[in-house]
Amino acid sequence: MSPPATKQRQNGFVLVLVLGLVLLLSALLFGFSKTTLIRLDTAESFLEFEQALNCAQAGLAIAMAAIRDVNDLTQDPRFAKLRNGDETFPIGEGACTLTITGESGRLNVNQLRDKEGRLDRTRIEQFLRLIDLVNQRDTGSKRIGYGIVPAIIDWVDHDDEITRLSFVSRDNQGAENRHYARLKPARRCKNRPVDTVEELLCVKGITPEAFEALRDLLTTAGDGRININTAPKLVIQCLSEQMDPALAQMIVQRRRTKPFQSVNELKDVPGMTDNIYLAIKNTVAANPTERHYRVITRGTVGNRTCEVQATLRRNTQGGNVDIVLYRES
């Protein structure tokens, strides 16, 4: 073989080797560049999330300040936009909105047994009447069964015994671990108080439609007594089987012009009888020593939104506000 041919073949081999190295380096650089961009994008997203969370937490601080400075924020017209989420607060590079709703005017699902663990028939029957009233509304949704009441009781209580309501003729049986273990995916019965009303979606019989119909009428906070100055009309109606829509509306109209200062003032409402008053006086309050509020704040920065949900408790005597429950999403 002639020397020029050999040299030509060597040069070709070197050229191929160089091209291979160039391709390999290009691939490595491309991979490094892509990894760097992904990390930068991840870091930017994390930064936006932290900023959005800070905005949401700032909204919670605004809510706490407003609740602290007003005896009953749900009754003060100056805070209507704040309550309804119609006001946006600019915070740094982002903004936050918040909604505040009073909890003490709703039926407490954690208070269906008394302190000794016995079934509280008065509150249970109020819940059953509330279900009847919700079912009477022509919404086209499937009727809510009574069975959700003993099911909630079993979800909250500490034992593993199935609750049966002897004074209810149908749908009167709850559910414990045996029922929830058969579900897919399986879960355990909580056997502790409910933290948020959204948790009720885990309870036997509570469908998304039933939950939407009941969510604004139920609470998980407070001592169980219903604030007559903030309770929705349906909750007022469920207080007694003798409470008709007209009387419930009279109570609502009276508190709009002059909030009740004591439960005793209910006697002055036209249509209120002694029997109705005696039936409800121990389950309602007019000026509770503690007020509970549900606060939802949303912080937004760029395309990132973070939500904070909290339950706040205000002591009406000291004015201090405590966070009972806090969740981020």
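Being at pLDDT 90 or above, assigned by TED's automatic domain parsing to the domain that holds G319, over 22 Å from the mean Cα position of the chain (by Cα) and loosely packed, with under 14 Cβ neighbours inside 10 Å: is that true of P90 here? Here the answer is yes, as P90 does meet what is asked. Within segment 54-63, can one find any residue that is touching a helix residue (DSSP H, G or I) at 6+ places or on another chain (Cβ under 7 Å) and either modelled with pLDDT of 90 or more or assigned to a helix (DSSP H, G or I) (or both)? No. Checking the condition more than 18 Å from the chain's Cα centre (by Cα) and within 30 Å of R178 (Cα to Cα), which residue from K258, K204 passes? None of the other options fit; the residue is K204. The number of residues in segment 112-134 that are closer than 17 Å to S240 by Cα and of a type outside the set (S, T, Y) comes to 15.
What residue, of A61, A56, is within 17 Å of L325 (Cα to Cα) and surrounded by fewer than 16 Cβ atoms within 10 Å (Cβ to Cβ)?
Values: A56 fails: surrounded by fewer than 16 Cβ atoms within 10 Å (Cβ to Cβ).
Selected residue: A61, the only one of A61, A56 that is within 17 Å of L325 (Cα to Cα) and surrounded by fewer than 16 Cβ atoms within 10 Å (Cβ to Cβ).
So, R106, is that one touching a residue at least 60 places away in the same chain (Cβ under 8 Å) and buried (at least 22 other Cβ atoms within 10 Å of the Cβ) or not? Give the derivation first.
Values: touching a residue at least 60 places away in the same chain (Cβ under 8 Å): yes; buried (at least 22 other Cβ atoms within 10 Å of the Cβ): yes.
So R106 passes the test.
From the residues in segment 205-239 that are of a type in the set (A, V, I, L, M) and part of a loop (DSSP other than H, G, I, E, B), which one is surrounded by the fewest Cβ atoms within 10 Å (Cβ to Cβ)? Step through it out loud before you land on a result.
Quick first cut of segment 205-239, residues of a type in the set (A, V, I, L, M) only: 206, 210, 213-214, 217-218, 221, 226, 228, 231, 234-236, 239.
Then keep just the ones that are part of a loop (DSSP other than H, G, I, E, B); that gives 206, 221, 228, 231, 239.
Numbers: I206: 20, A221: 24, I228: 29, A231: 25, L239: 26.
My answer is I206.
Looking only at segment 252-263, decide whether some residue is modelled with pLDDT of 95 or more and surrounded by 20 or more Cβ atoms within 10 Å (Cβ to Cβ). No: segment 252-263 contains no residue that is modelled with pLDDT of 95 or more and surrounded by 20 or more Cβ atoms within 10 Å (Cβ to Cβ).
Which residues, taken from segment 301-310, are polar (S, T, N, Q) and not in a strand (DSSP E or B)? Walk me through how you get there before you give the answer.
So in segment 301-310, the residues polar (S, T, N, Q) come out as 303, 305, 309.
Residue satisfying the conditions is N303 alone.
Among the residues making up segment 273-295, a single one is aromatic (F, W, Y) and either in a strand (DSSP E or B) or more than 22 Å from P232 (Cα to Cα) (or both): Y293. Scanning for something surrounded by fewer than 17 Cβ atoms within 10 Å (Cβ to Cβ), among the basic types (K, R) and under 27 Å from N282 (Cα atoms), does segment 136-152 turn up at least one residue? Taking every residue of segment 136-152 in turn, none turns out to be surrounded by fewer than 17 Cβ atoms within 10 Å (Cβ to Cβ), among the basic types (K, R) and under 27 Å from N282 (Cα atoms).
Taking the criterion of being among the β-branched types (V, I, T) and either in contact with a helix residue (DSSP H, G or I) (Cβ under 6 Å, 6 or more places away or on another chain) or within 20 Å of E241 (Cα to Cα) (or both), the residues of segment 259-293 that qualify are V263, V269, T273, I276, I280, T283, V284.
Only one of the listed residues (R298, R313, R327) is in a strand (DSSP E or B), of a type in the set (K, R), under 25 Å from A221 (Cα atoms) and in contact with a helix residue (DSSP H, G or I) (Cβ under 8 Å, 6 or more places away or on another chain). That residue is R298.
Looking at segment 176-191, which of the residues that are within 12 Å of V203 (Cα to Cα) and in a helix (DSSP H, G or I) is nearest to the chain's Cα centre (by Cα)? Applying the filter and picking the extreme gives Y180.
If you check I124, I152, I131, I144, which single one turns out to be in contact (Cβ under 8 Å) with a residue 12 or more places away in the chain, part of a loop (DSSP other than H, G, I, E, B), out of contact with any strand residue (DSSP E or B) (no Cβ under 6 Å at 6 or more places or on another chain) and not assigned by TED's automatic domain parsing to the domain that holds T311? It would help to see each step written out before you state the result.
Values: I124 fails: part of a loop (DSSP other than H, G, I, E, B); I152 fails: part of a loop (DSSP other than H, G, I, E, B); I131 fails: part of a loop (DSSP other than H, G, I, E, B).
Going through I124, I152, I131, I144 in turn, just one is in contact (Cβ under 8 Å) with a residue 12 or more places away in the chain, part of a loop (DSSP other than H, G, I, E, B), out of contact with any strand residue (DSSP E or B) (no Cβ under 6 Å at 6 or more places or on another chain) and not assigned by TED's automatic domain parsing to the domain that holds T311: I144.
The values are calculated or read from the model by the stated rules, or taken from the named source; none is laboratory data. On a predicted model such as this, the values are computed, not experimentally measured, just so you know. Ideal geometry is used to build each Cβ from the backbone, glycine not excepted, and the neighbour counts take in all protein chains shown.
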